[in-house]
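The values are calculated or read from the model by the stated rules, or taken from the named source; none is laboratory data. Everything numeric here is computed off the predicted structure, so don't read it as measured data. Glycine gets a Cβ as well: all are built from the backbone with ideal geometry, and neighbour counts include every protein chain shown.
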Amino acid sequence: MKFLFFTDTHLRSTTPENRTDDIVETMKEKLTEVVQIANDNKVSAVIHGGDLFDIPNPGLGTMGDLVGIFKGLEAPMYIVNGNHDIYGHNIATLNRTLLGFLIAMGNITLLTREPVYVDDGNVRVQLTGAGYQYDIDDDISSYVVSKDNCDVAIHTVHGMLLNRAVFPDVRYTLVDDIKDKTHADITLAGHYHLGFDEVIYNGKYFFNPGSIVRLSNHPAEIKRMPKVLLIDLDSGIAYRYIKLKCAKAGPEVLDRSKVEEARFREEKRAYFLQEIRAAAGTRRTDPYSILDAVVKARQDSEGLSKDVVDEVKRRFAEAEAALKGGM
Ligand SMILES: [Mn+2]
């Protein structure tokens, strides 16, 4: 029985400044190739590691064209939500997002701690998952699952799982922290776009093949080629990475000359304001408690300093004024 894993597609309608291609066309090609790989290998299920979308509610026209490509899949698709799929890093908002809508419609199945079983009569596989939530890396609980009534347990998470400590300022979880605790035979992670080389420990496997789209022009992203992971469970655990043939070399699609710190900050600010507006739209009565929740989520996940928080609050006041103006 085979499974295909890919992650962090960040489907979006607009091309980031630092990319020289048309990202929607590029994504169509990539998703088409992923569907082809899944069908050619006759996988039993496709698993997405989260951040299917770049924002919780992207434009339906473009997204219809992109998500529609998954109709070509001959196997069911499973997913965990990423931080970009939800509002304010809060999993409780999932039902208000496009991903939540697709799950409600039955197009994609959300993986949770409640196991789903895939059984071909030869191998019985348990699937569980933990989507992104602002406190996911506060402790290891989201990464640890039990294994019941199956041959192989696969657990999928969207969190900062790393094979070694690379970030001083960001919360993360190391494979070393969970490898003795989890009973999953295979742990699949999304979130960290660069991915890491698989870790194999006492018959347990830990993977993050990296995002299939290179959104930043970080030097490591320019070198990296997007890939998916094919897992074969017919006799033991075998796997191989498949590089996407349609993916162009980094220097062809990523433009270093447009590295502009200010522009990056502007994108982050626009994204933040969008979250505020969306939250204010449904809980209009108390925007400041929404602000506090969003800021706290960001503080927890990104370790924001007080200066940054104060600046956020100042900009919130501006945004609120704009909202009252009917923007
Ligand atoms: Mn992501």
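Details
Residue by residue, here is whether (1) within 13 Å of residue 47 (Cβ to Cβ); (2) away from the ligand (no atom under 16 Å from the Cβ); (3) at pLDDT 95 or above holds:
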| residue | (1), (2), (3) |
| --- | --- |
| 89 | no, no, no |
| 97 | no, no, yes |
| 117 | no, yes, yes |
| 143 | no, yes, yes |
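- Within region 146-167, considering residues that are among the aliphatic types (A, V, I, L, M) and modelled with pLDDT under 95, the one surrounded by the fewest Cβ atoms within 10 Å (Cβ to Cβ): 165
- Screening region 219-238 for residues that are surrounded by fewer than 17 Cβ atoms within 10 Å (Cβ to Cβ) and within 20 Å of the chain's Cα centre (by Cα) and picking the one that is nearest to residue 79 (Cα to Cα) gives 225.
- In region 136-145, the residues that are surrounded by fewer than 17 Cβ atoms within 10 Å (Cβ to Cβ) and either on the phi > 0 side of the Ramachandran plot or part of a loop (DSSP other than H, G, I, E, B) (or both): 138, 139, 140
- Answer from 55, 37, 69, 47 - the residue that is touching a residue at least 40 places away in the same chain (Cβ under 8 Å), under 26 Å from residue 95 (Cα atoms) and in a helix (DSSP H, G or I): 69
- Any strands (runs of 3 or more DSSP E) falling wholly within region 148-236 and containing at least 2 residues that are within 14 Å of the ligand (Cβ to nearest atom): 152-158, 186-190
- Subset of region 36-61 [within 13 Å of the ligand (Cβ to nearest atom) and small (Gly, Ala, Ser)]: 49, 50
- Residues in region 1-17 that are touching a helix residue (DSSP H, G or I) at 6+ places or on another chain (Cβ under 8 Å), more than 16 Å from the ligand (Cβ to nearest atom) and touching a residue at least 24 places away in the same chain (Cβ under 8 Å): 4, 13, 17.
- Annotation note: of 28, 42, the sole residue that is at positive phi and surrounded by fewer than 19 Cβ atoms within 10 Å (Cβ to Cβ) is 42.
- Residue match in region 242-259 (condition: over 20 Å from the mean Cα position of the chain (by Cα) and either within 16 Å of the ligand (Cβ to nearest atom) or at pLDDT 90 or above (or both)): yes
- Restricting region 7-27 to residues that are over 19 Å from residue 249 (Cα atoms) and out of contact with any strand residue (DSSP E or B) (no Cβ under 8 Å at 6 or more places or on another chain), the residue that is modelled with the lowest pLDDT: 14
- Test result for residue 112, among the β-branched types (Val, Ile, Thr), modelled with pLDDT of 95 or more, surrounded by 21 or more Cβ atoms within 10 Å (Cβ to Cβ) and on the phi < 0 side of the Ramachandran plot: no
- Just one residue in the set 187, 173 is under 21 Å from residue 51 (Cβ atoms), of a type in the set (S, T, N, Q) and without any contact (Cβ under 8 Å) to a residue 40 or more places away in the chain; that residue is 173.
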